[in-house]
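Read through the structure below, which is laid out as structure tokens, and then see the notes.
The values are calculated or read from the model by the stated rules, or taken from the named source; none is laboratory data. All of these numbers come straight from a predicted model, not from anything done at the bench. Neighbour counts run over all protein chains shown; Cβ positions are idealised from the backbone, glycine included.
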Amino acid sequence: MGAQTSKVARKLPTKARPETLKNVPTESPTTLASTAPAFAESKTELIEEDGRDPQLHEKLKSLGPVTIQPTVTKMRTSDTMLGIIKKRNEAEQKEIKGLTVSDGLISIDSLFTLLEQRKRLNPGEIDKPEIRQALLKKYEIDEPTLSTLLNNYNTMSIMPPAIDDKEERRVSVWITDKVDWETQVRNVHERNEKIKKERQEAIKDNNRALKQEGEKEDQKLKDLFDESY
């Protein structure tokens, strides 16, 4: 009895329901895989349909267009950074003009060139009117400024080291013209030569003294042996 009831319950339907036949699919994953390409360079209708999100679309529509407020940085005219930027731009413009003077200022490069140029002139040439005018025109400075620079400023002029200095330090001297430069260098060389000769003479004197001392000792020994005989 129980077995008969179980068999009736397990019996499968032999006919499809009418509502099932109304929505019969015309395609299957197998047929789609055989007809659709593995990838597509542009979005197909199938890809668009698969990527749609109705809920997200509705939410975006409810938000409407987004308005981005422009960002404006307000800077005061008394801002310290604005002053720094302005001064920097002015300095860059002056450098672009070259090694010249503007607004009563002279660059470090121009000042160095001017002072070095003086060292290559003969004595008295720096005071000649044509030389002064050429310098005033080249560096765009006035006569009082040129005189102040030449009288109170100079570049380092390094001399050869002295041989009696164990640390071999180089002395810096004030040079005014070409002859002065040559004289200062020659004085250092002459002093070094003098010290070198004095050292050589001292060595000779020491050797001479040692030789004389040795001769005296030899003579004493000779006299001693002569007396014994």
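Taking the range 127-158 as the range and being within 34 Å of the chain's Cα centre (by Cα), exposed (fewer than 15 other Cβ atoms within 10 Å of the Cβ) and aliphatic (A, V, I, L, M) as the test, the residues that pass are 156, 158. Annotation note: Cβ proximity below 6 Å between a residue of the range 178-197 that is under 23 Å from residue 155 (Cβ atoms) and a residue that is in a helix (DSSP H, G or I) (sequence gap 6+ or interchain) occurs for 181/119. Among the residues of the range 159-169, is there at least one that is among the small types (Gly, Ala, Ser), under 51 Å from the mean Cα position of the chain (by Cα) and either assigned by TED's automatic domain parsing to the domain that holds residue 132 or farther than 30 Å from residue 127 by Cβ (or both)? Yes, the range 159-169 contains at least one residue that is among the small types (Gly, Ala, Ser), under 51 Å from the mean Cα position of the chain (by Cα) and either assigned by TED's automatic domain parsing to the domain that holds residue 132 or farther than 30 Å from residue 127 by Cβ (or both).
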